[in-house]
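Heads up, the thing below is written out as structure tokens.
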Amino acid sequence: MVRRQDANLLTVKHVTKTYHSDLRALEDICFSIKLGECVGLIGESGSGKSTLVRCLLQVEQIDCGEVLFQSHSLHNLKGKRLRTARRNMQAVFQHPDASLNPRMKVIDSLMEPYDIEESITFSRSGKMKRRKRAIELLEMVNLPTKVLDSYPHELSGGMKQRVNIARAISTNPALLLLDEPTASLDVSVQASILNLLKDLQEECGFSYLFISHDLSAVNFMSDSVMVMKEGEIVDAFEASNLFGPDRDAYTKELLEVYEM
Amino acid sequence: MKGIGTGRLLLVLTVIVLVALLFLAPYITPHDPLEADPGNRLQPMNGEHLLGTDHLGRDLLSRILEGAQATVGISTLIMLIVLVIGIPIGILSGLLGGIIDRIFMRITDAFMAFPDFIVAIVLSGLLGPGMMNLMIAIATVKWTSYARLVRSTVISEKQKNYILVAELNGASTLRVMSKHIWPHIIGHVLVLSTLDIGKVILMIASLSYIGLGAQPPAPEWGAMLNDGRAYFHLAPHLMVVPGLAIVFVVLVSNLVGDRMRDYYDVRSGE
Amino acid sequence: MIMLKISELTIATTNETLVKDVTLSVASGEWVALVGESGSGKSLTALTIGGLLSGQVKVESGSITFGDRDLISMKRKELSRLLGKEISYVFQDYNSAFTPFLSVGKQIDEVLRTHTKWSRHERLGIALNALKDVKLQESVYRSYPCQLSGGQLQRVAIATSMMLSPSLLIADEPTTALDSITAHHVLELLSKLANEANCGVLFITHDLRHVKKYATRIAVMKDGQIVETGTKEKIFTNPQHPYTKSLLKAIPKLNDHRTRLIGLEKEVSW
């Protein structure tokens, strides 16, 4: 897949979001993500990480500032243009359970974006094509074909998260928002999921916004790292500069937790 | 495992037999359920009248069979009316929220503030005796709990991320409703309504017992209980038989409800 | 002095062995970490100590002694006197550890009332002191659980379980649901309080990082069995069992973010 290098895929300019008049959730957020890049965002719970994701996904409206995605201003998009933009920006959330309908088979959850786009066919060949595509997607996330006809509760947490990832990449998005994708998994399973995400990025050239409270995971995944505290970005640096002397005091505190 | 299998089989067979009896009742009644025969009153069980006769000499078996249509048939009908009213209101309330939600929920609050039995008695008292008015009265008090149940299901599922993911991928409200929310609703509603149908049967029977439902000479189990009351010492079967019929049907509907709950819990489980 | 001694403990349901031949001891003042993935049986082992197993799961063989008392054969009543006073628990899910409609203070007071004969005034003093120990303000005493953050609630849980100076604290993934910075602070407090009370800690986790700083000994559990035990230094620097090695390799390193992690791919190849 050829993608133009060094162009900003996502640019966030001075984004501010306030809840209920006085609660500042996001304060003057500025950053950008280049094509094929992984930007890490680290912060404690309540620091505004998830609010940022919801704003980027246009689930919540920002108060002021601008979000440019593929050089379109996101909050001016309506109807079909917004739908296209959304399909180019997919998300994977923390709780793999809540992201899958417990009453739908894996294949139906996985192929939902496809079904919406293709308008369901009842023909035999149409069904075969759909199933073939589903198997391809499962292969990309290293899941065996037999999970297609299982229900989510028959799968482990790690497998469910793989299904979520497969669904997210099924529309071939340019940007994936990964909101704590490994936080509710065992460390050993976290490692496999992180590896998978990295492999997918190398194979398909996705850009990531990787959000986590786990410094080591963010550091493993990202080219550059932002540190968020109480709705503000307090520090931003290249991953290789993690131990640099000009780190913010808060970043240093985070480092201490992991150095131990 | 084998025990569970035969239990289920028995239950299914019972339900099939019950439904068959319900539809075939007019054709298989040995006597005319309304035909009085004063010379033959208060007969005990015998070869001619398998369950005996009542105080007007009417065949009890025929009246029980015919009465099933009034009791079981009408309560099923009431349940359907309740679902047709309750589900859409619950869905609208949960999905739209805001002012519509508040209006509907205050209405249900008003109904739920009183015991439904009392409200049903008052309503059918106001509307006057009769089967039609009884149906209206019971449906009016019953729809609220369904609207509530559906609304809470919609609200709790609405905020799950899989709905968000579907919406982000461009799923229409209709698709979200039918693919994601409906399957959750239907499970809960089916379970509740099968458990509830027993209560409705009891309600019809009790309202008929106090003279607000079925009017003589129409056979209805509750009304039959009432008729038999005066002759309890002479002919106890006049109360025992309709009483047992009610217990039996209510029991079966509760068992079916329990089974359904188990069935629907499996997939929503851990 | 050995506080807790588990020998050859086997836990099973009717058709499956969940924990097999687990032998483990905790001395007073010692911090023992039990590390393993979900489903390895580590939480089950922890629950068995307090007799908290439920349903089909039963202890098949082995013994658990606390001081010189046998916990498995102990009567429920005697055991419940022990729990909360001499053996206390902290769990992962801090939300369900508190009743939502009672203030935090009431719930702390409840524990004190169960185990002591102190006056109301004395109890309040102890409770406020316990809150101060975990660096919470006095106002928390009057707060309701929903008004506190996850980290604060977990600190209240720790305060509650440590205020009667137990000789054994069983911490079942207390930091897993918290973010790393909050977890770090909670751990620090836990270790400080445990040190002051010279209390033995059995710390259960899936993440070796959480125990790197405080544990004296580590036991690694896999599929219901302990595969390796050793001092912290030995486990971190010179692990013997391949499973321990892979657990260590699964942790991303801060100074090296280009090499792939070693994931345990067990979950994929079923």
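Just to be sure I understand: if you take the accessible area of chain C alone plus chain A alone and subtract the pair, with a 1.4 Å probe, what total do you get in Å², rounded to 100? Let's see the in-between values first.
Values: alone 14440 and 13570 Å², together 24650 Å².
Interface between C and A: roughly 3400 Å².
The stretch A:114-177 and the stretch B:119-195 have Cα centres lying 32 Å from one another.
How do C:131-137, C:218-224, A:38-44 rank on mean C-beta neighbours within 10 Å, highest first?
Numbers: C:131-137: 17.1, C:218-224: 22.4, A:38-44: 25.1.
By packing density, highest mean first, the sequence is A:38-44, C:218-224, C:131-137.
Using the average count of surrounding beta-carbon atoms within 10 Å as a protection proxy, the listed peptides A:155-165, A:123-133 rank, highest first, as A:155-165, A:123-133.
Cross-link pairs exceeding 32 Å between alpha carbons, from the set B:K142/B:K179; C:K85/C:K232; A:K229/C:K42; B:K158/C:K42; A:K13/C:K135; A:K34/A:K80: A:K229/C:K42; B:K158/C:K42; A:K13/C:K135. Helix A:249-259 and the longest principal axis of the Cα set of chain A meet at an angle near 60°.
Comparing C:G230, C:G125, C:G67 in a Gaussian network model of chain C (Cα springs below 10 Å), the most mobile by mean-square fluctuation is C:G125. Summarising the strand pairing of chain A, around 50 percent of its internal DSSP beta bridges are antiparallel. Among B:Y162, B:Y209, B:Y231, the largest mean-square fluctuation in a Gaussian network model of chain B, built with springs joining Cα atoms closer than 10 Å, belongs to B:Y162. The HN-Hα couplings worked out from phi for the stretch A:83-90 by the Karplus form 6.51 cos²θ - 1.76 cosθ + 1.60 (θ = phi - 60°) are 4, 4, 4, 5, 5, 7, 10, 9 Hz, whole numbers, x standing for Gly and Pro. Heavy-atom accessible surface of the protein assembly as shown, averaged per residue, reaches 46 Å², computed with a 1.4 Å probe.
Among the DSSP helices (H) of chain C, those spanning at least 15 angstrom by Cα along their long axis with an average Kyte-Doolittle hydropathy of 0.0 or more are C:150-162, C:180-197; this is a geometric and hydropathy rule only.
Expressed as a rounded percentage, what relative contact order does the stretch B:63-269 have, with Cα pairs under 8 Å and six or more residues apart?
On the way: 236 pairs, mean separation 55.0, N = 207.
Averaging sequence separation for qualifying contacts and normalising by length gives 27 percent for the stretch B:63-269.
Taking a ≥ b ≥ c as the square roots of the eigenvalues of the Cα gyration tensor, chain C is oblate, since a/c reaches 1.5 or more and a/b is not larger than b/c. Please report how far the C-alpha centroid of the stretch A:208-227 lies from that of the stretch A:45-82, rounded to the nearest whole angstrom. Going from one Cα centre to the other spans 20 Å.
Taking beta carbons within 10 Å but only from partner chains, what does the mean come to for residues C:174-185? Display every interim value, and only then the final one.
Values: counts 0, 0, 4, 3, 3, 12, 12, 13, 5, 2, 6, 1.
Other-chain Cβ atoms within 10 Å of each residue's Cβ, averaged: 5.
Ordering C:Q240, B:P26, C:S167 by the projection of their Cα atoms onto the charge dipole of the protein assembly as shown, which places +1 on the Cβ of Lys and Arg and -1 on the Cβ of Asp and Glu, puts B:P26 at the extreme positive end.
Axis of helix B:2-28 versus longest Cα principal axis of chain B: the two differ by about 60°, to the nearest ten degrees.
For chain C, the mean residue ellipticity at 222 nm estimated from helices alone is -9500 deg cm²/dmol, where every DSSP H run of n ≥ 4 contributes -39500 (n - 2.57) and the total is divided by all residues, rounded to the nearest 500.
Can you give me the relative contact order of the stretch A:34-148 as a percent, contacts being Cα pairs under 8 Å and 6 or more apart?
Working: 41 pairs, mean separation 15.0, N = 115.
Taking the mean separation of contacting Cα pairs over the length of the stretch A:34-148, I get 13 percent.
Look at where the Cα atoms of the stretch C:123-201 and of the stretch B:38-115 average out, and the two centres are 56 Å apart.
Against chain A, whose longest principal axis is taken from its Cα atoms, helix A:157-169 shows a tilt of about 90°. Ligands, DNA and RNA aside, B:I246 has an accessible area near 10 Å² when probed at 1.4 Å.
Of all the options B:P38, B:P26, B:P129, the one that moves most in a Gaussian network model of chain B with Cα springs shorter than 10 angstrom is B:P38.
The values are calculated or read from the model by the stated rules, or taken from the named source; none is laboratory data. What you are looking at is a predicted structure, and each value in this text was computed from that prediction instead of being measured. No Cβ is skipped: glycine too gets one built from the backbone with ideal geometry, and neighbour counts run over all protein chains shown. Heads up: the accessible areas ignore ligands, DNA and RNA and are worked out on the full protein's heavy atoms, side chains in. Shrake-Rupley method; radii C 1.70, N 1.55, O 1.52, S 1.80 Å.
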